[in-house]
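The values are calculated or read from the model by the stated rules, or taken from the named source; none is laboratory data. Remember, predicted model here, so these are calculated numbers, not experimental data. With ideal geometry, Cβ positions are generated from the backbone for all residues, glycine too; neighbour counts draw on all protein chains shown. The protein model used for the area step is the full one, side chains on, heavy atoms only, and it has no ligands, DNA or RNA in it. Shrake-Rupley method; radii C 1.70, N 1.55, O 1.52, S 1.80 Å.
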Amino acid sequence: MPGTVTRIHVAPEQGAEPEPIERVEAVAGAGLRGDRYFDESGTFTDRDGCDLTLIESEALAAVERDRGIALEPGAHRRNVTTAGVALNHLVGERFRVGDAVCVGTELCEPCSYLEDHLGESGVREALVHRGGLRCRIVESGEISVDDRVESAGERDGNDS
């Protein structure tokens, strides 16, 4: 830590292509305004802790280098792409993304939906343990491209 927000994507409804945006409102307990999970229409809506998903640009570069799989921006279906922060280490941690405070709930391991949606075999296996992080938003705030991703200074379990 600290890292940087390099890209932001939202998909307005389940199955829709993720759209790049420069800034978004992150709403505690709800998600990103304009995203499918905010409206409770995403594939994993019933899973607690899916308000926000992040993925490392370094992981995407490693997938391309190691497996020859180049994912276009947003194709990974995570909301925020970061640089310079080890997201896997943030499970159970409070951290700030822009003005929003989040808690990492679990690794965002790839699923068959992503591979099927992309129509490219090997994506699921290539992203194991580097598919990103699921988070709860515990304090609302704006997130913009080039914002910092940094510690909020305290540990958190399931409470907020």
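Starting from the amide H of GLU106, placed 1.01 Å from N in the peptide plane, find each other amide H under 5 Å away whose residue is 5 or more places distant or on another chain.
Under 5 Å from the amide H of GLU106 lie the amide H atoms of ARG134, each far enough along the sequence or on another chain.
Assuming R0 = 30 Å, can you tell me the calculated FRET efficiency for the pair ASP39 and GLU72, based on Cβ-Cβ distance, to the nearest 0.05?
Once rounded, the FRET efficiency stands at 0.80.
Excluding VAL91 itself, calculate the net charge of residues whose Cβ lies under 10 Å from the Cβ of VAL91, where each Lys or Arg counts +1 and each Asp or Glu counts -1.
-1
Given H placed on each backbone N at 1.01 Å, which residues far from VAL10 in sequence or on other chains put an amide H within less than 5 Å of it?
Placed amide hydrogens put GLU19, ILE21 under 5 Å from VAL10.
Between ARG148 and ALA83, with labels modelled 7 Å along Cα→Cβ, what's the label distance in nm to one decimal, could you check?
Taking the simple label geometry, ARG148 and ALA83 are separated by 1.7 nm.
When the accessible area of region 47-95 is computed with all protein chains present and a 1.4 Å probe, what percentage of it is carbon and sulfur?
Looking at region 47-95 in its full context, I get 46 percent from C and S.
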